[in-house]
2 protein chains.
Amino acid sequence: MFRTAELQRKLPKGDYHQQIPQLRQELLMMQMELREADFPVIVVFAGVDGAGKSETVNKLHEWMDSRWLVARAFGELSDEERDRPEYWRFWRELPPKGRIALFLSSWYSVPILDHVYGRVGLAEFDERLARIKSFEKTLADDGALILKFWMHLSKDAQKERLRKLEKNPLLHWQISKRDWRHWELYDQFVAAAERTIMKTSTGLAPWKIVEGYDARYRSISVAIAIRDAIRFRLEEAKTQAAGAAVHLPEPFPSESGLPPVTILSRLDMDKSLSKEDYTAGLKRYQSQLNQLQRAARERRISTILVFEGWDAAGKGGSIRRITTALDARDYQVIQIAAPTDEEAAHNYLWRFWRHLPRAGRVTIFDRSWYGRVLVERIEGFAGTREWQRAYAEINDFEAQLVESGIVLVKFWLHITPDEQLQRFKEREQIAYKAWKLTDEDWRNRERWADYELAVNDLVERTSTHQAPWSLIEANDKRHARVEVLRTLCERLETALAGQPKPPK
Amino acid sequence: MFRTAELQRKLPKGDYHQQIPQLRQELLMMQMELREADFPVIVVFAGVDGAGKSETVNKLHEWMDSRWLVARAFGELSDEERDRPEYWRFWRELPPKGRIALFLSSWYSVPILDHVYGRVGLAEFDERLARIKSFEKTLADDGALILKFWMHLSKDAQKERLRKLEKNPLLHWQISKRDWRHWELYDQFVAAAERTIMKTSTGLAPWKIVEGYDARYRSISVAIAIRDAIRFRLEEAKTQAAGAAVHLPEPFPSESGLPPVTILSRLDMDKSLSKEDYTAGLKRYQSQLNQLQRAARERRISTILVFEGWDAAGKGGSIRRITTALDARDYQVIQIAAPTDEEAAHNYLWRFWRHLPRAGRVTIFDRSWYGRVLVERIEGFAGTREWQRAYAEINDFEAQLVESGIVLVKFWLHITPDEQLQRFKEREQIAYKAWKLTDEDWRNRERWADYELAVNDLVERTSTHQAPWSLIEANDKRHARVEVLRTLCERLETALAGQPKPPK
């Protein structure tokens, strides 16, 4: 979920200073209009220590008119607060209509820390997240605009940040033992964060993950997202006043007007494998896979493989290298193309549910439910609300798979546009491959940039601890095939190690 | 929550047979239209054993075209099902677009029974309800029409039903030891049911509670509710096709065209108290209240009283009989009239949150958050979606109060229209009371029937185990005042008995 926020995105100083004057003016204008509006704006900040929450809030205060802006944070409970239900303190501090409140800490802080420190188990943590969800729903249903920013830093970047602050004689007082203890709990913290975002990122109160690595990048990202979301809502209010009837939640602007840096652009596309290494790797991992699947079958552990990727990225070839190693009774390959009549008459997830493997078997999906947030999103077959809500639906679906003990492995096979062009041309020329190339492939190619953003969103929203995406550099087919096999063996091995043998 | 379904509503045989032919025709026509429609209909039945679930489903099969109707039930897991995630069996059985599926048992059955039998604690039960909610949301967001009927019987009525079946030589095989064991667990079952309905009755998949006492009443209620909900959705689809853009969840028809029988109509309005008994009762309970509140103060137990009721029902008088018994430092009375500017600029619940008492104190609300589902509903100050969603918001708010240890006591003071008229006239004539009577009072009076239905809904949706409504027969002021005091003392006593003394 956070890998897309570990790309070390930066905004050069020049670009930054060039953008500021206009951005400030737009923010001020927007605030003036907001003052007359019929809704409050609630901005929640959360995330990794050192990722720049306070700095960003300070910047926003600098850029905006602070008379109509308040910052709030919650520390130890006061006597007054201790005497009342937990949420009393939050209700007190809600902004009235026309104002913006920036919450530096919020209803998220205590539940997350309690869980990270082990004071609260998973079930109670979920209960608290459910409470948060209905709290935010109550406010949003009534018109409040709720924006939530998760400021992220990688573990290494956080360490670097803490060290830097410690060394700075003016700032080292900011760093306490508590900060280092938090850093040691980084992995637990990120797991809790992932669960929080999955459970509380709703259409009415979405989270936006912001990379906190570069101060300029993060401040501008947040400011632009706030500006756009408020503008969108103000516009919407005008349309409504002019006669349209129904309030719609606004989409969260996904790239904030900054030049997009996607996770795919950070893959090392030069990775390759010599013929010898390929043959050796294939042999090694296929025989390992064969044994692992026998063991999995015996222990009734099922596997689901998802293959997604660009046209001509080599999905079919990779799948064949897997199935070769398996017993034909153990697997099925499901090609996902246009739905059948019967499938079209059901919810889009129905066709995937029906193909779930029995205990101990393998289902390989050649394309999958991710079509909803890829081709259906981009071609407009699914409406904005439909594909936006699909992330939560997919996470929920996959959580059910994983909780029932299924090993879920998801591959994105990545190639560069140049490599794809070459493969297309090759297909045109080789008779027995020509059928594989359609007009649609050429059309999809034209929308490469849209797809790349969609893939970035997909990884951000659905690469979870339980069901991570494996991004495979596939310009070199040999590297890709071995990498797929290696990953699959690794995941199966982990699953088998974690599961006791079944009773005879 | 279920008290409104224990009114022994009946439909006379004559009325029943008169309604059937037309109803059947309407159902068939509706089904024909539905076959071409773009959504499936999922009807879930749950409730108390013996409340007529199967009988109702059989009747629906008799009345409708069973080619486009399927009934589903889930028993023990099959091998196939055991091998896959829990929800696989439900996904398999979902109806395609244009069809109706009646689920006699469903995704609710196992979670509820597991909880009632103590195999699953509250936190895990809630987790499972959350899973149900997101399952239903996924289907409903995609267009499925989901209707859920909770068939209810009182504990006595269930016993009677089981006995009757046992005595019937043709039917006694239906009754097993298991049924009697369930009956013994009636209270746990109803508590689980209440939680289920509170947590899963959403705008997109609402529950309707149906009184199962009379076979004719319940079959017709369910059939009419199904007919109306599908018709509404079909109409909506036409409007959308004609250009309107957005899908709205339909309201659940609240009385199904049957003559309304409300819970208020079943109160014994002749209850009264002699002057002597009144004086004695007042003395007794006021002194008891005084002591109880001292103890509550010491143990830091707060109390919130809600007074709702008809105009001139005697709320003020009852409140004064309470405050007389309390130390002035311990309580505040909050009159809820038009909101202040500041209050109007916040969510409607904000004004109530801000007046929550500190530990050990009492807040008395003279009218309350229930205005949302009473006057605001009836006068149209709140839109349909707003007041419908308010039940869940209110339940959530009250759950937070109760969980934080607050004693919440809610009174509805009921008088008959005649009694109100007499009191209004009296007020007109007595100079020092005349100011209390406004034109609005006369206007409200004209909408008595609407209010009565709104009160019935309010009791059905918000009278919970944790925060029950006390309906007070108030035609006789003396009876009402003593009854209010008595109830309050009882609730405080229970709360004090359940709480340990705080550490010094």
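The values are calculated or read from the model by the stated rules, or taken from the named source; none is laboratory data. Because the structure is predicted, anything quoted here is derived from the model rather than measured. Don't worry about glycine lacking a Cβ; one is built from the backbone with ideal geometry, like all the others, and counts go over all protein chains shown.
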For residues that are outside any helix (DSSP H, G or I) and surrounded by 14 or more Cβ atoms within 10 Å (Cβ to Cβ), tally how many sit in region B:171-190.
2
Being under 22 Å from B:R9 (Cα atoms) and touching a residue at least 40 places away in the same chain (Cβ under 8 Å): is that true of B:L471 here?
yes
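Can you tell me which residue is nearest to B:I301 (Cα to Cα) among those in region B:467-485 that are charged (D, E, K, R) and touching a Gly at 6+ places or on another chain (Cβ under 7 Å)?
Looking only at region B:467-485, we keep the residues that are charged (D, E, K, R), and these are B:473, B:476-478, B:481, B:483.
This time we only want the ones that are touching a Gly at 6+ places or on another chain (Cβ under 7 Å), so: B:477, B:481.
On the way: B:K477: 29, B:R481: 24 Å.
Out of the qualifying residues, it is B:R481.
Report yes if B:A157 is in contact with a strand residue (DSSP E or B) (Cβ under 6 Å, 6 or more places away or on another chain), small (G, A, S) and at negative phi, otherwise no.
Considered against the rule, which asks whether it is in contact with a strand residue (DSSP E or B) (Cβ under 6 Å, 6 or more places away or on another chain), small (G, A, S) and at negative phi, B:A157 comes out as no.
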Scan region A:309-364 for residues that are buried (at least 19 other Cβ atoms within 10 Å of the Cβ), over 24 Å from A:Q420 (Cβ atoms), out of contact with any Ser or Thr (no Cβ under 9 Å at 6 or more places or on another chain) and away from every other protein chain (no Cβ under 14 Å) and jot them down.
A:L326
Residue check, A:R377 facing another protein chain (nearest Cβ under 10 Å), in contact (Cβ under 8 Å) with a residue 60 or more places away in the chain, in a helix (DSSP H, G or I) and among the charged types (D, E, K, R)
no
Give just the number: which of (1) at pLDDT below 90; (2) over 15 Å from the mean Cα position of the chain (by Cα); (3) closer than 17 Å to B:L264 by Cα does B:Q420 not satisfy?
(1)
What are the residue pairs meeting all of these: first residue in region B:102-118, first residue in the same structural domain as B:I226 (by TED's automatic domain parsing), second residue among the hydroxyl-bearing types (S, T, Y) and assigned to a loop (DSSP other than H, G, I, E, B), Cβ atoms under 9 Å, and 6 or more apart or on different chains?
B:W107/B:Y87
Restrict the check to region B:89-105 and report whether at least one residue is of a type in the set (D, E, K, R), in contact with a Pro (Cβ under 9 Å, 6 or more places away or on another chain) and farther than 28 Å from B:L185 by Cα.
yes
Considering only residues that are of a type outside the set (S, T, Y), touching a helix residue (DSSP H, G or I) at 6+ places or on another chain (Cβ under 9 Å) and within 14 Å of chain B (Cβ to nearest Cβ), which ones fall in region A:297-308?
A:R297, A:R299, A:I301, A:I304
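Determine whether region B:132-145 contains at least one residue that is more than 14 Å from every other protein chain (Cβ to nearest Cβ) and either closer than 14 Å to B:V44 by Cα or surrounded by 17 or more Cβ atoms within 10 Å (Cβ to Cβ) (or both).
Looking through region B:132-145, none of the residues is more than 14 Å from every other protein chain (Cβ to nearest Cβ) and either closer than 14 Å to B:V44 by Cα or surrounded by 17 or more Cβ atoms within 10 Å (Cβ to Cβ) (or both).
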Out of region B:183-231, which residues are under 23 Å from B:D141 (Cα atoms), within 17 Å of the chain's Cα centre (by Cα) and not aliphatic (A, V, I, L, M)?
B:T196, B:K199, B:T200, B:S201, B:T202, B:G203, B:P206, B:W207, B:K208
Out of everything in region B:61-91 that is facing another protein chain (nearest Cβ under 9 Å) and exposed (fewer than 15 other Cβ atoms within 10 Å of the Cβ), what residue ends up being nearest to A:A345 (Cα to Cα)?
B:E80
For residues in region B:97-126 being within 14 Å of chain A (Cβ to nearest Cβ) and either over 26 Å from A:W350 (Cα atoms) or surrounded by fewer than 17 Cβ atoms within 10 Å (Cβ to Cβ) (or both), which is modelled with the lowest pLDDT?
B:A123
Output yes when any residue across region A:433-454 is within 14 Å of chain B (Cβ to nearest Cβ) and either in contact with an Asp or Glu (Cβ under 8 Å, 6 or more places away or on another chain) or in a strand (DSSP E or B) (or both), and no when none is.
no
Is region A:313-333 home to any residue that is acidic (D, E), in contact with a strand residue (DSSP E or B) (Cβ under 9 Å, 6 or more places away or on another chain) and within 17 Å of A:F397 (Cβ to Cβ)?
no
